[in-house]
Amino acid sequence: MIACNLLLFSLISEDVMEGEQQDFDRTLLLALREPGDLSDPIGSDGWEEMARDITALGGVTVLTGMTVSVIGLTLILRKPRLGSFIAVAVTSGVLISNLLKSCFDRPRPDLVPHDMLVTSASFPSGHAMMSAVVYLTLGTIVASMQRKLAVRLYLIGLAISISVLVGASRVYLGVHWPTDILAGWSLGGAWAMSCRLIATKLGYAVERSD
């Protein structure tokens, strides 16, 4: 799964650099706008407000708070090495995201007005990548504490759902091309799975409770 995600990111990156995804990006972005008014996303004002609430779940403030909260939990459980590992995993993910943005330096969509303030480059989506890194890494670690398969699947499914919704909201709000999101998801997913695998190999797994 890690290899597949990395391959997908590589293919998307290559297409983006060669400009082969423009038709796909434009078609999907325009499909989320009212035909007579490109400044207005489809749906009611309530949908727009909900999209802004969802996109905040992938913002720096929320992700930092979530990470610090789980690190605090590991300290309570007397697992400081696991807490340190989580901090390194998330911080390194941020650094990689910022480095890739600088390398690709893809402009934000100019096809439709932005419904959020954005200042950084577009590819890959930091919100999509970091929500995958944080929620999937934390979700799988917390899931490892549970004995019941149903609970573990629920936690991992919840982490995936949040990551998907955050990425989709960025396209809906017009601040990212769809390929930015796909690249963020694929790389973030690969990073999260790699971190979870390393944590297991290093013996950082948390004892499961009943």
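The residue of segment 40-73 that is surrounded by the most Cβ atoms within 10 Å (Cβ to Cβ), among those that are hydroxyl-bearing (Ser, Thr, Tyr) and free of Cβ contacts under 8 Å to residues at least 24 places away in the same chain, is Thr64.
Report, by residue number, each residue of segment 137-167 that is in contact (Cβ under 8 Å) with a residue 24 or more places away in the chain, open to solvent by 30 Å² or more (accessible area, probe 1.4 Å) and out of contact with any Leu (no Cβ under 9 Å at 6 or more places or on another chain).
Arg147
Please go through segment 93-118 and give me each residue that is closer than 23 Å to Ile12 by Cβ and either surrounded by fewer than 12 Cβ atoms within 10 Å (Cβ to Cβ) or free of Cβ contacts under 8 Å to residues at least 12 places away in the same chain (or both), ordered by number. Scanning segment 93-118 gives Leu95, Leu99, Ser102, Cys103, Asp105, Pro107, Asp110. I'd like to know if segment 176-196 contains one or more residues that are aliphatic (A, V, I, L, M), open to solvent by 40 Å² or more (accessible area, probe 1.4 Å), free of Cβ contacts under 8 Å to residues at least 24 places away in the same chain and within 19 Å of Thr137 (Cβ to Cβ). The answer is no; no qualifying residue exists.
Checking Val166, Val171 one by one, the residue that is part of a helix (DSSP H, G or I), closer than 30 Å to Arg106 by Cβ and out of contact with any His (no Cβ under 7 Å at 6 or more places or on another chain) is Val171 and no other.
The lone criterion from (1) touching a helix residue (DSSP H, G or I) at 6+ places or on another chain (Cβ under 9 Å); (2) assigned to a helix (DSSP H, G or I); (3) modelled with pLDDT under 90 left unmet by Ser131 is number (3).
The values are calculated or read from the model by the stated rules, or taken from the named source; none is laboratory data. Only a predicted model underlies this, so the values are computations on that prediction, with no experimental measurement involved. With ideal geometry, Cβ positions are generated from the backbone for all residues, glycine too; neighbour counts draw on all protein chains shown. The area values use the complete protein model at the heavy-atom level, side chains included, leaving out ligands, DNA and RNA. Shrake-Rupley method; radii C 1.70, N 1.55, O 1.52, S 1.80 Å.
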